[in-house]
Amino acid sequence: MKPIKVGLLGIGTVGSGTFNVLRRNQGEIQRRAGRGIEITTVADLDVARARQVVGEGVQVVADAREVIANPEIDIVIELIGGYGIAKALVMESIAAGKHVVTANKALLAVHGTEIFAAAQARGVMVAFEAAVAGGIPIIKALREGLTANSIQWVAGIINGTTNFILSEMRDKGLDFDVVLKEAQRLGYAEADPTFDIEGVDAAHKVTLMSAIAFGIPVQFDKAYVEGITKLGAADIKYAEQLGYRIKLLGITKRTPQGIELRVHPSLVPAQRLIANVEGAMNAVMVQGDAVGTTLYYGKGAGSEPTASAVIADLVDITRLHTADPLNRVPHLAFQPGALSALEVLPMSEVSTSYYLRLRVADQAGVLAKLTGLLAEAGISIDAVLQREADQVSQADENQTDVIILTHDTREGTLNAVLTQMQALPTVMAPIVRIRKEELN
Ligand code: HSE
């Protein structure tokens, strides 16, 4: 059988990896897919660089629409990124009857509903394994491997840049700003790292996992997003003393009230495997009612790890493109007509436990007042620690740090107590609040 023909839009880091791995492993990939898979046309604005990557024998064009218009091409790989031209090209590819493979989490998290509906109507597949956790086959696992389960929650370290920064902060006792600059100097963090450090990239990914895990539409606009920019070395140190590590987690959970969908720094018990995922590595935990807890670990970014996911999608499409669309695996794991109307909960309705750090005057009755406010609100305390405060001036030397761990409570209830605590004259600095996840 003739090879299936693929057009590649954007040949940067992941595109080059895809081209190289496909060529290197073509024999084995063909034995798996049942026929060859060949990138025949590449579109990139930098034609000269694209030509250097692919050599001779592959068409290189500057205009992506030439690829979409080519009737010989069955699959378009979109590796341009962003919401602008990438969205137009994906929609045009679908309209032209092409199957699409994309690593574009931002595009799918924001416009997924429209894109999947268009693909469904046109009878084509939009595959996106590479959009979440790079080389880890977490989409396949959630959508197919765990299909017997009622999934209860998914929690993941799904941004390598922030995990690298947090690992360095803990190892070296440094503050966020210092480590970020070093990460940029070493090329681990982008020149503009906003999406990574503010949690937006992780929120795109957890939005997609949430949709697949629970059979709900993709709803990035409902996700709660908090990054790592306000974390200090002191909290990482105190967390360690209490037996926890701080990780930026993407969390989505099914509760009787609705779906939780959130990204924020979280204390995780140090003995959990996921707490020991260091550097730029990713890991995702999935809890299903039948299987229990499962853990997936690997490289969440990079040229060939992400190419591994792109090519897995190419193989899937090659195997399935002649199948009746009704017999294919649905984009969001559940049949399009069977999506759930479960609401995504606002953050004030989420229940979790908390780490609080308060810089207070070291006077009689201060701790009693704080714990009294928690008790009045029905919030139970798990642990309290008092430590001599670091970095206080001589004038402030009668101040101390009080760290309180709470049991589970509604975030709205805690917020009200925090407002009361912050107003006390004995609370000398903004209260630090970090959520805590036991993941058991
Ligand atoms: N910038 C992401 C990360 C990789 O640091 O994990 C692409 O999503």
| query | For L8, which sequence-distant residues (separation of 5 or more, or a different chain) have an amide H within less than 5 Å of its own amide H, given hydrogens modelled in the peptide plane? | reply | T41, V42, A43, I77
| query | Given +1 on the Cβ of Lys and Arg, -1 on the Cβ of Asp and Glu, and no further charges, what dipole in debye does the range 352-436 carry about its Cα centre, rounded to the nearest 20? | reply | 280 debye
| request: Could you tell me which of G34, G57, V110 has its Cα farthest along the dipole of the range 1-111 towards the positive end, charges placed at Cβ (Lys, Arg +1; Asp, Glu -1), taken about the Cα centre? | output: G34
| field | Partner lysines for K172 [C-alpha distance under 22 Å; skip if fewer than 8 residues away on the same chain] | value | K181, K230, K237, K247
| Taking springs between alpha-carbon atoms closer than 10 angstrom, which of T252, T409, T419 fluctuates most in the Gaussian network model of the chain? | T419
| request: Evaluate the relative contact order of the chain (contact order divided by residue number), counting alpha-carbon pairs under 8 angstrom at least 6 apart; express in whole percent. | output: 16 percent
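Any idea of the accessible area per residue across the chain, 1.4 Å probe, to the nearest Å²?
Details: 18440 Å² over 440 residues.
About 42 Å² of surface per residue is accessible.
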| Among P217, P193, P305, which one moves the most in a GNM of the chain with springs linking Cα atoms closer than 10 Å? | P193
| Separation between Cα centres of the range 420-437 and the range 344-363, rounded to whole Å | 8 Å
| field | Test item: Cα-centred dipole of the chain, Lys/Arg +1 and Asp/Glu -1 on Cβ, debye | value | 1000 debye
| field | Counted charge near V225, where neighbours are those whose Cβ lies closer than 9 Å (Asp, Glu -1; Lys, Arg +1) | value | -1
| request: Return the single residue from E182, E114, E376 with maximal mean-square fluctuation; model: Gaussian network over the chain, springs between Cα atoms under 10 Å. | output: E376
| request: Quick one: which residues, 5+ away or cross-chain, put their amide H under 5 Å from the amide H of Y224? H built at 1.01 Å from N. | output: L261, R262, V263
| message | With the cut-off at 19 Å, tell me which of the pairs K5/K98; K253/K299; K205/K253 have Cα atoms farther apart than that. | response | K253/K299
| remark: The distance between the Cα centres of the range 1-53 and the range 273-332, in whole Å, is 20 Å
| Percentage of interatomic Cα-Cα distances in the chain larger than 30 Å | 48 percent
| note | Whole-Hz Karplus couplings 3J(HN,Hα) for the range 258-265, θ = phi - 60° and coefficients 6.51, -1.76, 1.60, Gly and Pro as x, run x, 9, 8, 9, 7, 10, 6, x
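The values are calculated or read from the model by the stated rules, or taken from the named source; none is laboratory data. Here the structure is a predicted model, which is why all the values come from computation and not from measurement. Neighbour counts are summed over all protein chains in view; Cβ atoms, including those assigned to glycine, are modelled from backbone coordinates with ideal geometry. Protein only, heavy atoms only, side chains kept; ligands, DNA and RNA dropped before computing areas. Shrake-Rupley method; radii C 1.70, N 1.55, O 1.52, S 1.80 Å.
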